[in-house]
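**Student:** Quick one: the structure is below, and I'll ask about it shortly.
The values are calculated or read from the model by the stated rules, or taken from the named source; none is laboratory data. Everything quoted here is computed from the prediction, not taken from an experiment. Using ideal geometry, Cβ is built from the backbone for each residue, glycine included, and neighbour counts are taken over all protein chains shown.
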Amino acid sequence: MKTTRLINLFIDSGKMKALFEHVKNLVIFSLLLALGTNDLHQQKSAVIGIFPRNYLGIGVITLASILILLNLYDGVRKLSQLEHHRLLTLFLIALYIFLTIRVVEVAWFYRL
């Protein structure tokens with residue numbers, strides 16, 4: 001009964017939507033990172049032969065890394081208002097690293 005109230009409070013306060021948006025952003029940015037690593041490893045030219053693919057790969061990896069770090073910063077900033085924020089921050093960083101690596105591995109497994 002108490003758990004149901006906590007879940008309902010979590011949903012009603014809009015925190016559930018924010019959590020899902022945060023996870024969605026992490027998955028999208030990780031897929032963007034996987035696309036960049038894929039472009040980095042291919043040796044063909046892209047954009048009508050003007051730029052080598054590895055330059056585009058480096059650009060996409062840089063953009064994805066910046067977006068992942070901004071998303072992480074937003075999560076850490078929101079967690080800093082809670083009671084045990086240091087422990088939760090360490091957990092969030094570990095989760096980010098694990099999920100990002102797993103999404104890139106899965107994308108590489110399916111060869112994009």
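**Student:** If you take the residues in region 49-64 that are modelled with pLDDT of 80 or more and either crowded, with 17+ Cβ neighbours inside 10 Å or touching a His at 6+ places or on another chain (Cβ under 8 Å) (or both), which one is farthest from Thr100 (Cα to Cα)?
**Tutor:** Checked region 49-64; the qualifying residue farthest from Thr100 (Cα to Cα) is Leu56.
**Student:** Quick one: would you say Leu32 is part of a helix (DSSP H, G or I) and closer than 25 Å to Phe109 by Cα?
**Tutor:** yes
**Student:** Take the residues in region 29-48 that are among the aliphatic types (A, V, I, L, M) and surrounded by 14 or more Cβ atoms within 10 Å (Cβ to Cβ); name whichever of them is modelled with the lowest pLDDT.
**Tutor:** By that ranking, first place goes to Ala46.
**Student:** Taking the condition more than 20 Å from Glu105 (Cα to Cα), of a type in the set (A, V, I, L, M) and surrounded by 12 or more Cβ atoms within 10 Å (Cβ to Cβ), does Leu69 pass?
**Tutor:** Spelling it out, it is not the case that Leu69 is more than 20 Å from Glu105 (Cα to Cα), of a type in the set (A, V, I, L, M) and surrounded by 12 or more Cβ atoms within 10 Å (Cβ to Cβ).
**Student:** How about region 58-112: which of its residues are of a type in the set (A, V, I, L, M, F, W, C) and within 13 Å of Asn25 (Cβ to Cβ)?
**Tutor:** The initial filter retains those residues of region 58-112 that are of a type in the set (A, V, I, L, M, F, W, C), namely 58, 60-61, 63-64, 66-70, 72, 76, 79, 82, 87-88, 90-95, 97-99, 101, 103-104, 106-109, 112.
Passing the criteria: Ala64, Ile66, Leu67, Ile68, Leu69, Leu70, Leu72, Leu99, Val103.
**Student:** On to the next question. Sort out which residues of region 19-30 are farther than 12 Å from Gly75 by Cβ and more than 8 Å from the chain's Cα centre (by Cα), and write them in order of number.
**Tutor:** Phe20
**Student:** Please verify whether region 62-80 includes one or more residues that are outside any helix (DSSP H, G or I) and over 13 Å from the mean Cα position of the chain (by Cα).
**Tutor:** Taking every residue of region 62-80 in turn, at least one turns out to be outside any helix (DSSP H, G or I) and over 13 Å from the mean Cα position of the chain (by Cα).
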